[in-house]
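S.K.: Before I ask anything, here is the structure I am working with.
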Amino acid sequence: MQLLIAVINQEEKLDEILSGFLELGITGATIIASEGMGRVLSHDIPIFAGLQTLLARSRPQNQTIFSVINEDEKVDGAIALLQEICGNLENPATGIAFTVPVTRVVGLAPELGEGEL
Amino acid sequence: MRLREYLRPELIVLDLEARNGAEVIQTLVRRMAEREAVADPAAIEKALLAREAVHTTAMGNGVAVPHATVAGLDGPVVMVAVARDGVRYGPAGLEPVRLFFVLLSPPDRAGLHIKLLARIARLVRHPGLVERLEGAASPDALLRDLERIDAQHV
């Protein structure tokens, strides 16, 4: 079981990503509106104001997705999906995704059932 | 999740003509029944119209995905229909719909229904999909195009 954390700089891609998660059987995630370090530095700290090096790597706002995923195969699928939709995350200003192992979880939503809609 | 597993050439319609949403649903359900894909067209038409009454399934990009769960099906049924002249579907102001994906599932396959909806919703964002499918010369050609696009996505 892993916790996937993905910061997505292209906010407009979020619904496509979550739709793809559903396809993969990932039925739960928490999404938080967030802001990158470059943006904060260049806007809020006067000494860094307007520095293009920092601004070029940032967007006004990004979205951070947290999802506890119970199968490694789904994690691989999710990371592939993120890169299909957002482009190679190694490229600047696209985002970042990483996972950490989860040793205990309470309250994880089950896989989509086959009952009534 | 691959859509191609649920696509059948006899459920591809290239010549849909209708004046409004109700006619679209009536025509497509009748075609499904003619191809023996469904047994109770009246119930299906009612279920699809009920779903549209909740919220339109037109996505605003020339695509609509009428869908419902209905009893009596063995598994999901997917129909793809092209209306080259476009049909006014859903609220005024939306782009006319030229491509319909109709999805029906048995009530006890809600999970699969949602996954298929999600797959369709993602595939229809593929750049140029509508133009490519409406240019298909035959149901088999449309299927091949759609399968190629399906295979390009995770």
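S.K.: Between B:F100, B:M1, B:H55, whose Cα lies farthest towards the positive end of the dipole of the range B:1-121 when Lys and Arg beta carbons carry +1 and Asp and Glu beta carbons carry -1, centred on the Cα centre?
M.R.: B:M1
S.K.: Further, regarding this structure: Quick check: from the Cα gyration tensor, does chain A come out rounded (a/c under 1.5), prolate or oblate?
M.R.: Prolate, since a/c reaches 1.5 and a/b exceeds b/c.
S.K.: Could you give log10 I(q)/I(0) at q = 0.18 Å⁻¹ for chain B, computed by the Debye formula over C-alpha point scatterers of equal weight, without solvent?
M.R.: Each listed q maps to, in turn, -1.09.
S.K.: Something else about it: If N is the number of residues in the range B:86-133, what value comes out of its Cα radius of gyration divided by 2.2 N^0.38 Å?
M.R.: Output field value: 1.36.
S.K.: Oh, and also: When the Cα centres of the range B:1-46 and the range B:78-135 are compared, how far apart do they sit, in Å?
M.R.: 12 Å
S.K.: Please state, as a whole number in µm²/s, the translational diffusion coefficient that the Stokes-Einstein equation yields for the protein assembly as shown at 4 °C and 1.567 mPa s, with Rh defined as the Kirkwood radius across alpha carbon pairs.
M.R.: 63 µm²/s
S.K.: Can you tell me what share of the DSSP beta bridges in the range B:35-154 is antiparallel? A percent to the nearest 5 is fine.
M.R.: If we restrict to bridges inside the range B:35-154, about 60 percent are antiparallel.
S.K.: Here's another thing I want to ask about it. Which shape class, rounded, prolate or oblate, goes with the range B:73-154 when its Cα gyration tensor gives a ≥ b ≥ c as root eigenvalues, a/c under 1.5 marks rounded, and past that a/b bigger than b/c marks prolate?
M.R.: The shape class here is oblate.
S.K.: Could you list the square roots of 5 times each eigenvalue of the Cα gyration tensor of the range B:1-76, that is, the equivalent ellipsoid semi-axes, sorted largest first and rounded to whole Å?
M.R.: Semi-axes, largest first: 18, 16, 14 Å.
S.K.: Provide the net charge surrounding B:G128, with neighbours chosen by a C-beta distance below 14 Å and charges set as Lys +1, Arg +1, Asp -1, Glu -1.
M.R.: +1
No lab work stands behind these numbers, since they all come straight from the coordinates. Here the structure is a predicted model, which means the values were calculated and not measured. Because the Cβ atoms are built from the backbone with ideal geometry, glycine has one as well, and the counts that use them run over all protein chains shown.
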